[in-house]
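The values are calculated or read from the model by the stated rules, or taken from the named source; none is laboratory data. Quick caveat, the model's predicted, so the values are computed rather than measured. Methodologically, a virtual Cβ is constructed for each residue, glycine included, from the backbone with ideal geometry; neighbour enumeration extends over all protein chains shown. Surface areas here come from the heavy atoms of the whole protein model, side chains and all, with no ligands, DNA or RNA. Shrake-Rupley method; radii C 1.70, N 1.55, O 1.52, S 1.80 Å.
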Amino acid sequence: MQLYSFFNSSTSYRVRIALALKGLEYDYQGVNIRVGEQSDTKYTEINPSRGVPVLVDDEGASLTQSLAIIQYLDDLFPEPRLIPHNSVDKARVLEVANAIACDMHPINNLRILGYLKRELGVTDEQKDAWYRHWVAEGFRALEKLLNRHGHGQFCFGDTPTLADCCLVPQVANAQRFGCDLAAFPKVMAVYEHCLQHPAFRQAAPAEQPDYLA
Ligand SMILES: N[C@@H](CCC(=O)N[C@@H](CS)C(=O)NCC(=O)O)C(=O)O
């Protein structure tokens, strides 16, 4: 398999965690989204949405969208299972994953921040305020969800799920942007617990071949 990824892309990080949890090997193809490689003509043939990650499987099928990729991996390589079978458990895991992947990530994506600056002329301070505002909104909801329905040391239980694959990169991103996360102790406890797991450490930005300090 091949994974098109950027070291500090949170969506790539989600898939890297899933691959590491399942013990799957892959070729790492770095796409530097900081310099716009996601918009190179050759790459847009691979992903018309101009983003990472993309997974190319052993049969050559090219898949975009991190949650779809993780679901695909979970179907093909069910151990360890990241999306539970049981309907309620599955819905809880997807609830957290979607709160991050649909409500939080898209409005703070690189192209959105770039548009705010370039097209709407906001200052760096205003852009950072935008980022921090939506992170706080998102984590406020997540903190409540996890306190209500979470259990164990991961989001749900004593083994990681898709919810943890989404939570860790989102926290890492927020820390990179200097957000104060003290108001979200449950989110942070799950984050710290995940970081003790070897698969989460293997998937971390600093461990990737395209890492830039
Ligand atoms: N919903 C997509 C989002 C993919 C995406 O936009 N990834 C970001 C990196 S975290 C990206 O490539 N951004 C490039 C840009 O905004 O130009 C997924 O979950 O895979």
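Observations on the model:
Matching residues to (1) near the ligand (Cβ under 9 Å from one of its atoms); (2) touching a residue at least 24 places away in the same chain (Cβ under 8 Å); (3) in contact with a His (Cβ under 6 Å, 6 or more places away or on another chain):
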residue: Phe6; (1), (2), (3): yes, yes, no
residue: Ser12; (1), (2), (3): yes, yes, no
residue: Tyr28; (1), (2), (3): no, yes, no
residue: Leu76; (1), (2), (3): no, no, no
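- When each of Cys165, Cys155, Cys102 is tested for being within 16 Å of the ligand (Cβ to nearest atom) and open to solvent by less than 50 Å² (accessible area, probe 1.4 Å), the lone residue that passes is Cys165.
- Some residue of the range 37-44 being in contact with a Ser or Thr (Cβ under 8 Å, 6 or more places away or on another chain), assigned to a loop (DSSP other than H, G, I, E, B) and not assigned by TED's automatic domain parsing to the domain that holds Thr159: no
- Here Ile83 clears all of (1) over 27 Å from Gln175 (Cα atoms); (2) out of contact with any Phe, Trp or Tyr (no Cβ under 8 Å at 6 or more places or on another chain); (3) not in a helix (DSSP H, G or I) except the condition numbered (1).
- Options Leu67, Leu19; residue that is surrounded by 14 or more Cβ atoms within 10 Å (Cβ to Cβ), modelled with pLDDT of 95 or more and touching a Cys at 6+ places or on another chain (Cβ under 9 Å): Leu67
- Residue match in the range 110-133 (condition: open to solvent by 60 Å² or more (accessible area, probe 1.4 Å), under 23 Å from Val93 (Cβ atoms), in contact (Cβ under 8 Å) with a residue 40 or more places away in the chain and outside the structural domain of Gln71 (by TED's automatic domain parsing)): no
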